[in-house]
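Enquirer: Take this structure, written in structure tokens, and hold onto it; I'll ask about it next.
We did not get these values from a lab; they are worked out from the coordinates using the rules stated. As the structure is a computational prediction, the values presented were derived from the model and not from experiment. All Cβ positions, glycine included, derive from the backbone under ideal geometry; neighbour counts span all protein chains shown.
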Amino acid sequence: MERQSVSTGTIWEQRYSYCRAVRVGERILVSGTTATGPEGEVVGRGDAARQAEYIVDKIEQAIGELGGRLADVVRTRLYVSDMGHWEAVAAVHGQRFQGINPANTLVEARLAGQEYLVEIEAEAIIGAGHAL
């Protein structure tokens, strides 16, 4: 089976030898994604909803580069640094995945940097969103 990958070029991907997303067959796996901008800056500092929006944009772009669409997402995992952020993050998820309704998990976790309030990972299957 052919393997394709896409990188967003963040310092973390280069430094720790991973990529943003991998496609094997019709399945796309997106790494845990933070609101890290192209220069390594935190986007939406102090704003969990803004970070979640930026993250979903990055996820959508990565899936698109591998031939999929956001509508193909079948699973998401949301990690918040503090449960006080869960509703803001869940609201963004609800807006962006309305009608797609992937399987979902949301947990509190210690994230890789204090300024990160949310991290999201996703799984997609090409064609899963054909009716959307």
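Enquirer: At a temperature of 4 °C and a viscosity of 1.567 mPa s, determine how fast the chain diffuses translationally according to Stokes-Einstein, using the Kirkwood radius over alpha-carbon pairs as Rh; express D in µm²/s, rounded to the nearest whole number.
Expert: This corresponds to a translational diffusion coefficient of 88 µm²/s.
Enquirer: Moving on. Using θ = phi - 60° and the Karplus curve 6.51 cos²θ - 1.76 cosθ + 1.60, what whole-Hz ³J(HN,Hα) does each residue of segment 84-101 get, with Gly and Pro shown as x?
Expert: x, 9, 4, 5, 5, 5, 5, 5, 5, 4, x, 5, 6, 10, 4, x, 8, 6
Enquirer: Mean residue ellipticity at 222 nm from the helices of the chain, using -39,500 (n - 2.57) per DSSP H segment of n ≥ 4 over the full residue count, to the nearest 500 deg cm²/dmol?
Expert: Per the formula, -8000 deg cm²/dmol.
Enquirer: Return the whole-Å distance between the Cα centroid of segment 9-80 and the Cα centroid of segment 85-119.
Expert: What the calculation gives is 12 Å, centre to centre.
Enquirer: If you restrict to DSSP beta bridges whose two residues both lie in segment 1-114, what percentage is antiparallel, to the nearest 5?
Expert: 60 percent
Enquirer: Now for a different question. Under 8 Å for C-alpha pairs, at least 6 residues apart: give me the relative contact order for the chain, rounded to a whole percent.
Expert: So the answer I get is 31 percent.
Enquirer: Quick one: dipole size for segment 1-84, taken about the Cα centre, charges +1 on Lys/Arg Cβ and -1 on Asp/Glu Cβ, in debye to the nearest 20.
Expert: Its charge dipole is roughly 260 debye.
Enquirer: Could I ask something else about it? Given labels modelled 7 Å from the Cα in the Cβ direction, how far is it in nm from ILE11 to LEU29?
Expert: 2.7 nm
Enquirer: Residue-wise, which Karplus ³J(HN,Hα) couplings in Hz belong to segment 124-130, taking 6.51 cos²θ - 1.76 cosθ + 1.60, θ = phi - 60°, and x for glycine or proline?
Expert: 10, 10, 4, x, 5, x, 4
Enquirer: Go through segment 59-71 residue by residue and turn each phi into a ³J(HN,Hα) via Karplus (6.51, -1.76, 1.60, θ = phi - 60°); whole Hz please, and just put x for glycine and proline.
Expert: Values per residue, Gly and Pro as x: 5, 4, 5, 4, 4, x, 5, 9, x, x, 9, 4, 5 Hz.
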